[in-house]
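Chemist: Structure below; questions to follow.
Derivation of every value follows stated rules applied to the coordinates shown; laboratory data play no part. Model, not experiment: these values are computed from the prediction. Counting neighbours? That spans all protein chains shown, and the Cβs are built from the backbone with ideal geometry, glycine included.
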Amino acid sequence: MKCPLSGQCGGCQLQDLSYEEQLREKQRFAERQLGQYAPIAPILGMKDPYHYRTKVQAAFGQDRKGNVISGIYSLGSHYLVSVHDCMLEDRVADSILSTIRSLANKLGIPAYDEDLQTGVLRHALIKRSSSTGQVMVVLVTASTYFKGRDLLVEGLVSKHPQIKSIMLNLNTEHTSMVLSDLEEKLLYGKTYIEDELCGLTFTISAKSFYQVNQTQAAVLYRSAIRMARLQSTDKVIDAYCGTGTIGLIAASMSGCSVLGIESSQQAVDNAIHNAQVNRIDNAEFVCADASAYLKELAKAKEKFDAVFLDPPRAGSDERFLAAMLKLEPRQIVYVSCNAETLDRDLRYIISNSSYYVRGIQPVDMFPFSSHVETVVLMSRVKEK
């Protein structure tokens, strides 16, 4: 299935390859990038690699006739490509975007113009749970109150009853960032939706990180926890823990004690709520800078059996890695969405410690793109 926007969008770099060929190409990439550390396990792909993105983000603009359109900016430019149907995006989310466009045009709600700094609608962020069907809509606007706002909300809920949350995020800044910290307002329902993953219930809020491919997220997390072979007596750190997904699943599956560390207070609040909802009392979460917190744990001579880290695309940093090595955990499980920064961090760990790579498992989280998610298990060399 060839996307008619493939030449403009730039989001699907492997559009011209069949899915089987994509998996072979990603396997070869993982072997080239990381094969010097250990043998690479066969990549774990999807049965159905279409419409998997349950988080959909769209920018608003106007066409030549003045109608509100939505889509994404072409790669490396500020040209808005109008998107009506995407082969990767969740179908429900695409339908909701269509309704927003229709209602905006009907109610006379204009798109925001960055150059003139006029108009209202800047972005829409839609999150959907593939397990519960619940949907959150975040409207990013240039003003908190605008003509037609209540009718827009009523129209969305009337046509899409699966919407359980509509949030407004005020963004008046000249920035490429979608969500702003200026003001957040609940327009309908709750401030969160819920998803079920690996047998647990997780809260998803407007700003909390949650994997966009929920089907493969379960594959990824189960792979990471299985590779760690945790025992009920183990003490585990979940660094960059977000809403606590990896840590809570590990605590539930193995009975180990988990300490989650995250710099976002909203994410930590979600993680604590998630632990309570799932009645998990062997996990706790703190809001802190992970590097500084691990350094203090090492000073206090705290002992941990495993550290899970799932950093952003930029990877970890030497401050965190050095602090983690001082803890001397039995094993490290590194979950990465960027093989280049993973390679850099593995080199640092190996050259500054006695750890070695025991296993590497690639997972295809983003079919039709060039990205590869990877789980790496590291252990300390046993002393003779």
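Chemist: So which of K207/K326; K147/K185; K55/K235; K235/K301; K26/K235 end up more than 24 Å apart, counting from Cα to Cα?
Modeler: Values: K207/K326 32 Å; K147/K185 16 Å; K55/K235 33 Å; K235/K301 14 Å; K26/K235 34 Å.
Among K207/K326; K147/K185; K55/K235; K235/K301; K26/K235, the Cα-Cα distance tops 24 Å for K207/K326; K55/K235; K26/K235.
Chemist: Alpha carbon centre of region 151-169 versus region 21-92: separation in Å?
Modeler: If we compute the Cα centre of each part, the gap is 26 Å.
Chemist: Roughly how many nanometres apart are two label points built 7 Å out from the Cα toward the Cβ at N105 and E194?
Modeler: The two pseudo-label positions are separated by 3.8 nm.
Chemist: For region 55-197, would you read off the P(r) tail past 22 Å as a percentage of all alpha carbon pairs?
Modeler: Taking all Cα-Cα pairs of region 55-197, the fraction more than 22 Å apart is 34 percent.
Chemist: Within a Cβ distance under 13 Å of D90, other residues only, what is the Lys/Arg minus Asp/Glu net charge?
Modeler: Around D90, the surrounding residues sum to 0.
Chemist: Okay, next question. Compute the longest continuous run of the chain that contains no exposed chymotrypsin sites (Phe, Trp or Tyr not before Pro); treat a site as exposed when its DSSP state is not H, G, I, E or B and it has at most 15 other Cβ atoms within 10 Å.
Modeler: In short, 146-384.
Chemist: Let me ask something else. List the residues of region 285-302 whose backbone N lies under 12 Å from a point placed 7 Å from the Cα of D317 along the Cα-to-Cβ direction.
Modeler: Answer for this model: 289-292.
Chemist: Kindly provide the trypsin sites (Lys or Arg not before Pro) of region 29-92 that DSSP labels as loop, not H, G, I, E or B, and whose Cβ sees at most 14 other Cβ atoms within 10 Å. Please list the in-between numbers first.
Modeler: Values: sites: R32, K47, R53, K55, R64, K65, R91; in loops: K47, R64, K65.
Taking region 29-92 and a limit of 14 other Cβ atoms within 10 Å, the loop trypsin sites (Lys or Arg not before Pro) found are K47, R64, K65.
Chemist: Between helix 149-159 and the chain, what is the angle of the helix's C-alpha long axis to the longest principal axis, kept within 0 to 90° and rounded to the nearest 10?
Modeler: It works out to around 70 degrees.
Chemist: Let me ask you something else. What are the semi-axes of the equivalent ellipsoid for region 271-315, taken as the square roots of 5 times the Cα gyration tensor eigenvalues, largest first, in whole Å?
Modeler: Working through the eigenvalues yields semi-axes of 22, 16, 11 Å.
Chemist: Quote the FRET efficiency, to the nearest 0.05, computed for R28 versus S180 with a Förster distance R0 of 56 Å and r equal to the Cβ-Cβ distance.
Modeler: Efficiency for this residue pair is about 0.85.
Chemist: I've got another one for you. What is the spin-label model distance, in nm, from D48 to K65 if the labels are put 7 Å beyond Cα along the C-beta direction?
Modeler: 3.4 nm
Chemist: May I ask you to list the trypsin sites (Lys or Arg not before Pro) in region 141-179 that are in a DSSP loop and have at most 14 other Cβ atoms within 10 Å of their Cβ?
Modeler: Sparse-neighbourhood loop trypsin sites (Lys or Arg not before Pro): K147.
Chemist: Ok, one more. Regarding region 177-232, what is the average projected area of its C-alpha convex hull, in nm²?
Modeler: If I average the Cα hull's projected area over directions, I get 6.1 nm².
Chemist: Given a Förster radius of 25 Å and the C-beta distance between E302 and V277 as r, what FRET efficiency does 1/(1 + (r/R0)^6) yield to the nearest 0.05?
Modeler: About 0.35, to the nearest 0.05.
Chemist: Averaged over every viewing direction, what's the projected area of the C-alpha convex hull for region 193-301? Give it in nm², one decimal, please.
Modeler: Across all orientations, region 193-301 yields a mean hull projection of 6.6 nm².
Chemist: Continuing with the same structure: Springs between alpha-carbon pairs under 10 angstrom, Gaussian network model over the chain: which of V135, V157, V335 fluctuates most?
Modeler: Evaluated over the chain, the most mobile residue of the options is V157.
Chemist: Treating the Cα atoms of the chain as identical point scatterers in vacuum, please give the log10 of the normalised Debye intensity I(q)/I(0) at q = 0.06, 0.09, 0.15 Å⁻¹, two decimals.
Modeler: -0.25, -0.57, -1.37
Chemist: Helix 245-254 against the longest principal axis of the chain: what's the angle in degrees, Cα atoms only, rounded to the nearest 10?
Modeler: 50 degrees
Chemist: Now, a different point. Using only Cα atoms, tell me the angle between helix 265-277 and the longest principal axis of the chain; keep it within 0 to 90° and round to the nearest 10.
Modeler: 80 degrees
Chemist: While we're looking at this one, here's another question. Go through region 198-237 and name the trypsin sites (Lys or Arg not before Pro) that are in a DSSP coil and have 12 or fewer other Cβ atoms within 10 Å of their Cβ.
Modeler: In loop regions of region 198-237 (DSSP not H, G, I, E or B), the sparsely surrounded trypsin sites (Lys or Arg not before Pro) are R229.
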